[in-house]
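The values are calculated or read from the model by the stated rules, or taken from the named source; none is laboratory data. Quick caveat: nothing in here was measured; it's all calculated off a predicted structure. Here the Cβ positions follow ideal geometry from the backbone for every residue, glycine too, while neighbour counts run over all protein chains shown.
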Amino acid sequence: MTEEVGHQRGGRESRAHSSARREATLGPSKRKVVVASTSGAQLQEPEAEHPDPQPMAEEEAQENVDAQENVDAQEDDDRQDEEGQNDEVDPPPAPKQTKRNRKTTTARNPPKPAEPQVTEFGGGPSDLSLLPSFGGHVAAALWRGECGQRTLKCMNPGKRINSLDKPENDKAWFWDRVEASGMRPLLKTNYNHVGSGLLTAFTERWQPETDTFHLPIGEMTITLDDVSCLLHIPITGKMLNHAGTSCTMEEGQDMCEELLNFSREDAQKEFDKMKGAHVSFAKLLEIYHDNLNLALAAENNEDEEDETVEFLRDCTVRAFLLYLIGGTLFTNKSAQYVDLIFLSYLQDIPLINTWNWGASGLAYMYNYLDRASRRRCGNHGGYNCMFQAWVFAHFKRYGQRFLDENYTNEEPVGAKYYPLKTGKWPYETRTSLDRMEVDEVTFCPYEDHRQFRPFQDISWYFGWIMCGSSMIYPHLPERVLRQYGHVQSIPRAPGVSAKADMNQFSIQDAFDEYLNENYVTEEMQGPRVVHGYETVPGYIAWFYWVSHPKIWPPVGGDPPRPANVEVMIEEDNANKMCDAFEICKTVQEEVREKLDGELTLEVARQVLEKVYNDLDPVVKYALHRKRKRDSGDGKKKKKKSKTRGEEAGPSGQG
């Protein structure tokens, strides 16, 4: 029994014992030893085999040389004898053995030269202080002519929501609960189609460092005010604060049994099928219908207890709301299942509306926009119907849609659009966005909607928003002041507005007490806009220095020029734009007033001086517009040049 100890482990031979026996038989191990050091891992031989060399005297050195020569001579004699014995059979050539230079190790080799660090990119940014990770952005690859065929598959379960069976309007127990949850407007903001090509082109301009779209006219983003007006859901209250992105299977089984009337055994089968604590839309729809039928049957059964009826009703409403938010606010990139972690927020039905579904849904959207800005992304999740409604509201030029003739401002803004089915390729939209001008953008599209959805001060909150502990993103309204009706200034760095080292609890505290520190003050807001797109002097030049506002490089053959010339000209035109009619009307009234009174020579001189100064902007603006109009080589200009050439020909001949 004692002889077998160490020889076998669990019915098999012990490798450790075999290696120990080999080492005892063959002597110490020849393996190298890896030693960790600040300069990297070094290879060392065992000290017993290779002791440090000691200085030798000349006599000892000569003796060693003579001994080595004798050994070499003896080896040559032996080799000749062996060759004589094996003349008949030629042995195979021995493999050439190279002697390793023990003085050279991995750590002593010179390091490979590192690739030069990129400090600027074609088309911007020239300064990487704002976008340090731009090298991995899809826009950098598109500028280099790579991944031009890329398009995203934008997930949209909107058709499922639109075709969802609902109880009759006379079922007050159902609709009262849904209305009290604050989620009923989501039933009106879903589209059967979303434009994958359109949304792909916009995601290519999303920058994760700022969580804004970088366009040729500046930055824009989806704000809390956009969510409030487009969807009519709460943007105040406690944000979703679960840990991670999903719950455990045990927790999911408990919630299914207690909150959905779905047995633990059936829940486990569904989890095994979905490979996690998820429920497919098909199974969730089945649970909803089963509970609804049981609740309707229990109502007509006089022997059924009231507690059982209320339980079935609550389970019906929870299944319905989970299906609703899983197909809208929290659509994942598979669009096949719903994460059960969201069911925990539907446990107490009267308190559902106290959760901040708007801010958490926006953070969930930011999460997928960040992913879509990387070139290897294929599917795009989040509430893409809200994304497309945001594009429709701010950019009337992009996307094909109809407007609902029966729409009223009492409904969410997203409910008035009917998108048409469009192509999935973003080529045309990319080029169109590169040529965007400021007067094509509607920065404040909700002015006629304020009487039904007033502006909420929480929209001025700057800092972090979250959907659980794994989806935390900055909300920075100071970067898009024009969307709030103010002149855009050069914003602070994102790290100043959204402070680091904050957890989900400190983020919620900052959100609740936003008026203390995380609020865009009146001084930061600046003056109100006049035309809707004004910026402070130098903003566009700064933006083109730190950003990458255009996707395509200039067409080959064009003269080299700064990429921001077109936008700076447009901004200059906007700043110099004036109302010539109003100025002339005012001058006329002032002159008539002076003519009707006593007019001395001194007063007349003052009037003429004032008229001259007042008309100066009109003259400059008219000259500027004329020069801009005649700057191109149009047909009219070519025709004039040709006519003048023909006239000069005969006169020159005569």
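Below are the figures for this structure:
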| item | result |
| --- | --- |
| Residue check for PRO560: of a type outside the set (Asp, Glu), at pLDDT below 90 and surrounded by fewer than 16 Cβ atoms within 10 Å (Cβ to Cβ) | yes |
| Residues within region 573-613 that are assigned to a helix (DSSP H, G or I) and modelled with pLDDT under 75, tallied | 8 |
| Given (1) in a loop (DSSP other than H, G, I, E, B); (2) surrounded by fewer than 21 Cβ atoms within 10 Å (Cβ to Cβ), number of the condition GLY382 does not satisfy | (2) |
| Set LEU187, LEU230, LEU215: member being modelled with pLDDT of 95 or more, surrounded by fewer than 21 Cβ atoms within 10 Å (Cβ to Cβ) and closer than 30 Å to ASP457 by Cβ | LEU187 |
| Residue, farthest from GLY244 (Cα to Cα), within region 344-378, restricted to residues that are of a type in the set (Lys, Arg) and out of contact with any helix residue (DSSP H, G or I) (no Cβ under 8 Å at 6 or more places or on another chain) | ARG376 |
| So ARG430, is it touching a Phe, Trp or Tyr at 6+ places or on another chain (Cβ under 7 Å), basic (Lys, Arg) and part of a helix (DSSP H, G or I) | yes |
| Residue selected from region 312-351 under the condition surrounded by fewer than 20 Cβ atoms within 10 Å (Cβ to Cβ) and hydrophobic (A, V, I, L, M, F, W, C), by the criterion nearest to GLY381 (Cα to Cα) | ALA335 |
| Cβ pairs under 8 Å, 6+ apart, first in region 491-512 and assigned to a loop (DSSP other than H, G, I, E, B), second exposed (fewer than 12 other Cβ atoms within 10 Å of the Cβ) | ALA493/SER129 |
| Cβ-Cβ under 6 Å pairs, at least 6 apart or on other chains, region 305-321 side among the aromatic types (Phe, Trp, Tyr), far side surrounded by 18 or more Cβ atoms within 10 Å (Cβ to Cβ) | PHE320/TYR288 |
| Unique residue being part of a helix (DSSP H, G or I) and in contact with a His (Cβ under 9 Å, 6 or more places away or on another chain) when the list is GLY468, GLY414 | GLY414 |
| Residues satisfying the stated conditions in region 259-296, i.e. surrounded by fewer than 19 Cβ atoms within 10 Å (Cβ to Cβ), touching a residue at least 24 places away in the same chain (Cβ under 8 Å) and of a type outside the set (A, V, I, L, M) | GLY276, SER280, PHE281, HIS289, ASP290 |
| Helices (runs of 4 or more DSSP H) wholly inside region 170-285 containing at least 3 residues that are closer than 30 Å to VAL438 by Cβ and small (Gly, Ala, Ser) | 196-203 |
| Single condition PHE402 does not satisfy, out of (1) farther than 23 Å from MET436 by Cα; (2) part of a strand (DSSP E or B) | (1) |
| Tabulated pairs, region 145-161, first closer than 17 Å to ILE325 by Cα and in contact (Cβ under 8 Å) with a residue 40 or more places away in the chain, second among the small types (Gly, Ala, Ser) and surrounded by fewer than 18 Cβ atoms within 10 Å (Cβ to Cβ), C-beta under 8 angstrom, 6+ apart or interchain | MET155/SER334 |
| Residue within region 322-339 that is touching a Ser or Thr at 6+ places or on another chain (Cβ under 7 Å), touching a residue at least 12 places away in the same chain (Cβ under 8 Å) and part of a helix (DSSP H, G or I) present | no |
| One residue from THR354, THR408, THR431 being at pLDDT 95 or above and of a type in the set (Val, Ile, Thr) | THR354 |
| Pairs, first within 14 Å of PRO494 (Cβ to Cβ) and in contact (Cβ under 8 Å) with a residue 12 or more places away in the chain in region 206-219, second hydrophobic (A, V, I, L, M, F, W, C) and assigned to a loop (DSSP other than H, G, I, E, B), C-beta under 6 Å, six or more apart | GLN207/LEU131; GLU209/LEU131; GLU219/VAL480 |
| Residue check for THR200: modelled with pLDDT of 95 or more, in the same structural domain as PHE505 (by TED's automatic domain parsing), closer than 30 Å to SER547 by Cβ and polar (S, T, N, Q) | yes |
| Filter pass, LYS396 being modelled with pLDDT under 95 and surrounded by fewer than 16 Cβ atoms within 10 Å (Cβ to Cβ) | yes |
